[in-house]
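Take a look at the structure set out below.
A short reminder: the numbers here are calculations on the coordinates, not readings from a lab. Everything numeric in this text was worked out from a predicted model, so none of it was measured. For neighbour counting, all protein chains shown are included, and Cβ atoms are generated from backbone atoms with ideal geometry for every residue, glycine included.
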Amino acid sequence: MGVFQENICDCCVCPMQCVLQQFIRENVVIRTLFTQVRVMISSVKDFNVIGSDPDSGIPICVPISQILSFLPEESKLVTLKSIRKNVKGDCACIEDSLTNKLTKKINDNVNIGSGFNDLISGTITQVGEGIVIVENEVSQQFIISTCNGVFFVENVPNR
């Protein structure tokens, strides 16, 4: 799962890279601030997701630092990096506060925004370093970075 060096790559990019590596040879929809792309992941390395469009075969490379969230076509148990305590540096001011707050909301229904015009409603199922996983009412997973443009609304009524 990698070693933390208390910088933005460790608390934001590395955790997302570790999760994406668990979806090699699978189709996912990757969301960035400005677009979304469906990709069959062939590799995840050097802070990039490399793959191709599942329909056309056109090669795709997405820098992990630009990923707000992704939706796997099939949900599965995901291993997340453990949340670190007593951290200093970039992580402390970028994602630690939200990650710590979301940890207290596991099994709660929330609305989470991750980017422009993107509101995800569901139940928080897992929280790890830099990542929150929300599952909607039809059991679709949304794997969301807690580093980029994320906000959440608490106490959403059950549906």
Quick one: P(r) of the range 90-153 from all Cα-Cα pairs, 5 Å bins, percents rounded to integers, in order of increasing distance. 4, 20, 33, 26, 12, 3, 1, 0
For the range 8-72 the translational diffusion coefficient, Stokes-Einstein from a Kirkwood Rh over Cα pairs at 4 °C and viscosity 1.567 mPa s, in µm²/s, is roughly 113 µm²/s
Using the 10 angstrom Cβ neighbour count as an exposure proxy, how do D108, D46 rank, fewest first? D46, D108
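How would I24, I120 line up from fewest to most surrounding beta-carbon atoms within 10 angstrom? It would help to have the intermediate numbers written out before the result.
On the way: I24 14, I120 22.
Going from sparsest to densest Cβ surroundings: I24, I120.
In nm, what is the difference between 0.36 nm times the number of residues separating Q36 and L119 and their Cα-Cα distance? Mind showing how you got there, number by number?
On the way: separation 83, 0.36 × 83 = 29.88 nm, distance 1.41 nm.
Stretched fully, the Q36-L119 segment lengthens by 28.5 nm.
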Among DSSP beta bridges lying fully in the range 8-72, give the percent that are antiparallel, nearest 5. 100 percent
Per-residue Cβ neighbour rank within 10 angstrom, fewest leading, F47, F151: F151, F47
